[in-house]
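Some notes on the structure that comes next.
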Amino acid sequence: MQKFADLDLWLKKAADILSGNRIEVDGYRYTAPSLDTGDFGRKDYAQQFMWDSCFHAVMWRWFDPQMAQDELLALSSRQVQDGPDAGMIPHCNYWRGGGEWLWKHDERSSITQPPLIASAALLVYERSKDTAFLEAIYTRNGAYHDWFDRRRDPDGDNLVCLIHPWEAGGDALPRWDQAMGIDTATFTHEGGRTARHDLVHKIVEYDTDAAALARDGFFCVESMDFNAIRAADMEAMAEIASILDKPEESQGWENRVDAVREAFQRKMVIDDLPYDLSGLDEEPILQPSAGQFMTLFGGLPTPEQAERLVQELQESRFWTTFPVPTSPIDSPAYAPDLYWRGNVWPSVNWLIFRGLLRYGYDDLAADLAERSLSLIKQSDFWEYYHPETGQGLGGQTFSWTTVMLDMAATMAERE
């Protein structure tokens, strides 16, 4: 494919980025988001973060499947073993300690992130063919999804809730402002960060009890894209169960996905477009966002709804020079220089890309892959980007940005 003619060169650069951010500790190997200590570097980016590591594994599989496996095994090794949150896989592993001041746990956080572990593991398995690895992930991830049902679905509707914006991956999205008690019109980066840290203290005080937090009016959101990602992960669990010759368990996972899909259609879809639900009263958060397109990843929209979403995606407010901004550029909250306030994020683009392929929009997926690669070619490997200028923002030499090379490699492989 001519548009990806120099792909090998960029794959080599991606490998160099990942290798440069790799850390070995206590017999495990993982990839830090960034070890850059420049003006935009952050020392906490040396920790291991859940969905970052899933994207790292997706990319590692192209040139080192064993490292891809090690990434996911390290990630899930800090799974909670006892207490009410047994089974939870934390959003952050503090391999050298340091989490005590925030979480009351020195080695891990008390919240999670979008569950992509099985989805990533299945992609890795396609290259490694290591069933022992797959068995280990299957066992751990099964307990993880059981934890979701037990601790994050207080109303029993098969849609799990978030208790902190960090769990969404998109920490400061305008979608969360009202539920966080933030005035969008006067939002500041510092104010948002303070609000998120204050909420952590409440979560620790409430022992991460989602039902109790929701009853007392704290952040409780059923996120459309988070639930779609979970549905995709349970689909991957069904496929893994089949590979491991567990047909009854495979069917059980499929049934759980069907329950999420039914709840999504019944509760989250308004005029053929999906929205988040806030609080125990499940008030719709009627804000257009890239999260709507990410629901394609989990196969939750009907084909007709997917067509509507694809039409929305191609409107100029989302299909910018460098798509896809997390908030449309005509939104009052659009502030592309601010963290998660309308920037382009590699993780978001990858999920949308995979969703487009799932529904058969291959040409649009290829265009998104090409435009995503052009960001790296223009600005190098940054944490996120300006959707109109392509300027790199946030952290530099960022590991998960390499996943945009996965998009290009996937399209090139399909030719």
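Bear in mind that the values in this text are calculations on the coordinates, not laboratory data. Just so it is clear, the model here is predicted, and its values are computed rather than measured. Cβ sites come from the backbone with ideal geometry, for glycine too, and all protein chains shown count toward neighbours.
Given a Förster distance of 45 Å, report the FRET efficiency between GLU315 and SER242 from their Cβ-Cβ distance, rounded to the nearest 0.05. That pair, GLU315 with SER242, gives E of 0.70.
Assuming a ≥ b ≥ c are the square roots of the Cα gyration tensor eigenvalues, decide whether the range 1-151 counts as rounded (a/c under 1.5), prolate (otherwise, with a/b larger than b/c) or oblate. It comes out oblate by the Cα gyration axes. Phi angles across the range 96-105 convert, under the Karplus curve 6.51 cos²θ - 1.76 cosθ + 1.60 with θ = phi - 60°, into 3J(HN,Hα) values of 10, x, x, x, 4, 4, 9, 10, 6, 10 Hz, Gly and Pro given as x. Taking all Cα pairs closer than 8 Å and separated by 6 or more residues, the relative contact order of the chain comes to 16 percent.
Close amide H contacts of ASP209 (hydrogens built in the peptide plane, cut-off under 5 Å, sequence separation of 5 or more or a different chain): none are found.
Packing order of peptides 159-168, 181-190, 205-214, highest average first: 159-168, 205-214, 181-190 (average count of other Cβ atoms within 10 Å over each peptide's residues). Taking every lysine pair in the chain that is 8 or more places apart or spans two chains, those with Cα atoms closer than 29 Å amount to 15.
At a Förster distance of 25 Å, what's the computed FRET efficiency of ARG308 paired with ASP149, Cβ-Cβ distance as r, to 0.05? Once rounded, the FRET efficiency stands at 0.25.
For the range 1-151, the Cβ-based charge dipole about the Cα centre amounts to some 180 debye (Lys, Arg positive; Asp, Glu negative; other atoms uncharged).
Coupling constants for the range 201-211 follow from the phi torsions by the Karplus curve (6.51 cos²θ - 1.76 cosθ + 1.60, θ = phi - 60°), and in residue order they are 4, 5, 4, 5, 4, 8, 6, 6, 7, 4, 5 Hz; glycine and proline get x.
Just name one of LEU277, MET237, ALA290: the one whose Cα is farthest towards the positive end of the charge dipole of the range 203-294 (beta-carbon charges, Lys/Arg +1, Asp/Glu -1). Result: ALA290, furthest along the dipole toward the positive end.
Sequence-distant contacts, meaning Cα pairs under 8 Å at least 6 residues apart, place the relative contact order of the range 1-151 at 20 percent.
Here the range 96-249 is assigned +1 on the Cβ of each Lys and Arg and -1 on the Cβ of each Asp and Glu. Its dipole about the Cα centre then comes out at about 380 debye. Label-to-label distance, ASP171 versus ASP106, with points set 7 angstrom from Cα along the beta-carbon direction: 2.5 nm.
Summary of packing: across the peptides 405-414, 341-350, the per-residue average of other C-beta atoms within 10 Å ranks them, highest first, as 341-350, 405-414.
Would you mind pulling out the separation of the Cα centroids of the range 325-401 and the range 231-252, in Å? The range 325-401 and the range 231-252 have Cα centres spaced 31 Å from each other.
Approximating the spin labels as points 7 Å out from Cα along Cα→Cβ, the LYS202-to-LEU286 distance works out to 2.5 nm. Placing unit charges on the Cβ atoms of the charged side chains and taking the dipole of the range 308-415 about its Cα centre, the candidate lying farthest along the positive direction among LEU357, ILE376, GLY390 is LEU357.
Taking each residue as 0.36 nm, the span from LEU9 to GLN66 lengthens on full extension beyond its C-alpha to C-alpha distance by 18.3 nm.
If the segment from GLU262 to ASP216 were pulled out straight at 0.36 nm per residue, it would be longer than the present Cα-Cα gap by 13.7 nm. The range 158-200 and the range 110-153 have Cα centres spaced 26 Å apart. Highest mean packing comes first when the peptides 297-303, 105-111, 283-289 are listed by Cβ atoms within 10 Å, giving 297-303, 105-111, 283-289. Computed about the Cα centre, the dipole magnitude for the chain is approximately 720 debye when only Lys and Arg (+1) and Asp and Glu (-1) carry charge, each at its Cβ.
Put a dot 7 Å past the Cα of VAL25, heading toward its Cβ, do the same for ARG358, and the two dots end up 3.3 nm apart.
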